[in-house]
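See below for the structure under consideration.
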Amino acid sequence: MSQVPLPITTLFAPDYPIMTDRLRLRPFSRGDVDAVYSYRSRPDVSEFLFDQPMSHEECAEAVRIRAGQLAFSGEGDKILLAVERQDDGRLIGEVSLIWRSVADRQAELGYILHPDAHGHGYATEAAAALLAFGFDVVGLHRVYARCDAKNLASAKVMQRLGMREEAHFREHAQFKGRWDEEFVYAILESEWRQSR
Amino acid sequence: MGMTDLTIKTGRLVLRPFEKADLDEVLSYYSLPDVQRYLDWKARDRTEAKSAFEAMRKQTRLSRPGDSLTLAVVRKADGKVVGHVSLRYMDATAAQAEIRFAVGPAFRRKGYGSEAVGAVISHGFAEHKFHRVFARTAGGNEASAQLLKGLGMRLEAHYREHALFQGEWDEELHFAILDREWQRGAKVSEISRHKVA
């Protein structure tokens with residue numbers, strides 16, 4: 001893979017691609033639209049996301065934006081990577097880290113996987129790699145993640161990553177026309193180091 | 001003008017908007033560090049505390065998100081201002097409000113805070129039809145946590161080191177209660193309004 005060009009304002013970026021035992025994490029590129037559409041168009045995927053199921057056109061636009069989400073230059077920046085399986089090269093989902101606070105060294109972790117690829121620990125494996133980047137390279141103090149309280153698979157991933165349940169909000173907001181219930185999980189740098 | 005200001009009466013307390021004459025009593029507790037944690041206006045000195053007081057005096061309406069209603073908590077027995085309670089309208093679609101409070105050190109451990117906060121929560125559910133009222137406290141503020149738990153609020157969040165506060169890692173608790181969970185009527189003996197000039 002050729003060197004990935006980074007914005008000149010970049011403060012932190014992973015060495016691409018990030019290789020884990022079974023996965024390859026890399027920035028999105030134009031050819032990924034069909035693969036993204038294969039899971040982001042599904043109602044069972046969007047059920048717990050802020051987005052509705054996406055059209056092919058919306059996926060093309062999303063991929064175009066994501067191609068530039070590969071480095072941290074400042075607060076609010078998002079690194080959003082394609083998760084590829086090494087053995088067959090298939091793009092099975094996405095994993096993200098958002099730099100929420102520079103001064104407080106906080107970030108938010110996220111992941112979405114194609115339902116076909118659930119149940120193999122891929123989300124945990126991909127998210128762990130971004131956690132390592134966040135703590136080792138960015139020097140974060142705390143990383144948190146959120147999910148709908150009904151999304152038990154997602155909560156399981158957070159638990160496997162060693163994250164603690166910090167919040168269980170009930171009916172704190174309206175979400176797609178109904179009352180929202182949400183979990184927040186978090187892990188501190190010190191906890192992450194102990195768990196290694 | 002026909003403007004009405006809210007007065008809430010409980011067993012031992014009267015809750016009403018701040019009046020000019022309350023200034024000195026408010027200054028006696030407003031600048032204390034543990035009181036400062038969740039207030040809208042920083043008050044490191046008397047001048048800042050004074051402008052904070054002036055701003056709180058104007059918080060008498062909850063018409064739209066962002067509005068706050070701040071009421072002085074006055075002891076019936078001697079007319080002393082023991083603290084204040086503030087209710088902020090946070091979100092219209094989800095009908096959410098945040099409650100905040102401060103009790104002067106001389107008046108703590110007597111249940112005044114609980115009595116006043118309970119009355120304002122009742123007011124929020126009954127008059128403003130809020131769906132959920134929540135409160136935040138610093139992790140180390142055991143008295144506030146006990147007060148909120150005592151009112152039946154559930155601990156919904158315990159954030160650890162989620163932000164720096166004055167150079168130290170902060171810990172924050174969130175308590176919440178839904179309209180249907182609140183025991184209506186038990187906490188307020190009387191709600192009345194009076195005309196003001």
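Here are the numbers for this structure:
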{"quantity": "Residue count for segment B:169-184, restricted to those that are open to solvent by 50 Å² or more (accessible area, probe 1.4 Å) and in a strand (DSSP E or B)", "calculated": "2"}
{"quantity": "Sole residue being open to solvent by less than 70 Å² (accessible area, probe 1.4 Å) and within 14 Å of chain A (Cβ to nearest Cβ), chosen from B:Ala102, B:Ala94", "calculated": "B:Ala94"}
{"quantity": "Identity of the residue in segment B:84-115, assigned to a strand (DSSP E or B) and among the acidic types (Asp, Glu), that ends up modelled with the highest pLDDT", "calculated": "B:Glu98"}
{"quantity": "Residue satisfying all of: in segment A:110-144; within 14 Å of another protein chain (Cβ to nearest Cβ) and touching a Gly at 6+ places or on another chain (Cβ under 9 Å); nearest to A:Glu166 (Cα to Cα) among these", "calculated": "A:Val143"}
{"quantity": "Close pairs (8 angstrom Cβ cut-off, 6 or more residues apart or separate chains): within 30 Å of B:Gly167 (Cβ to Cβ) and among the polar types (S, T, N, Q) in segment B:18-39, in a loop (DSSP other than H, G, I, E, B) and open to solvent by 80 Å² or more (accessible area, probe 1.4 Å) anywhere", "calculated": "B:Ser31/B:Arg44; B:Gln36/B:Lys42"}
{"quantity": "Failed item in (1) among the acidic types (Asp, Glu); (2) more than 14 Å from every other protein chain (Cβ to nearest Cβ); (3) farther than 13 Å from A:Phe48 by Cα, with A:Asp148 passing the rest", "calculated": "(3)"}
{"quantity": "Given (1) over 18 Å from B:Lys110 (Cα atoms); (2) touching a Ser or Thr at 6+ places or on another chain (Cβ under 9 Å), index of the condition B:Leu23 fails", "calculated": "(2)"}
{"quantity": "Scope segment B:129-168; condition at pLDDT below 95, in a loop (DSSP other than H, G, I, E, B) and open to solvent by 60 Å² or more (accessible area, probe 1.4 Å); matching residues", "calculated": "B:Gly140, B:Gln166, B:Gly167"}
{"quantity": "For B:His158: the one exception among (1) within 20 Å of the chain's Cα centre (by Cα); (2) within 13 Å of chain A (Cβ to nearest Cβ)", "calculated": "(1)"}
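Results for (1) of a type in the set (Lys, Arg); (2) more than 15 Å from B:Ile8 (Cβ to Cβ); (3) out of contact with any Phe, Trp or Tyr (no Cβ under 7 Å at 6 or more places or on another chain), shown as yes or no for each residue.
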site: B:Ala77; (1), (2), (3): no, yes, yes
site: B:Val81; (1), (2), (3): no, no, yes
site: B:Arg88; (1), (2), (3): yes, yes, yes
site: B:Asp91; (1), (2), (3): no, yes, yes
site: B:Ala95; (1), (2), (3): no, yes, no
site: B:Gly104; (1), (2), (3): no, yes, no
site: B:Lys110; (1), (2), (3): yes, yes, yes
site: B:Gly113; (1), (2), (3): no, no, no
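The values are calculated or read from the model by the stated rules, or taken from the named source; none is laboratory data. If you're wondering where the values come from, they're calculated on a predicted model, not measured in any experiment. Cβ: placed from backbone, ideal geometry, glycine included. Neighbour counts: every protein chain shown. The area values use the complete protein model at the heavy-atom level, side chains included, leaving out ligands, DNA and RNA. Shrake-Rupley method; radii C 1.70, N 1.55, O 1.52, S 1.80 Å.
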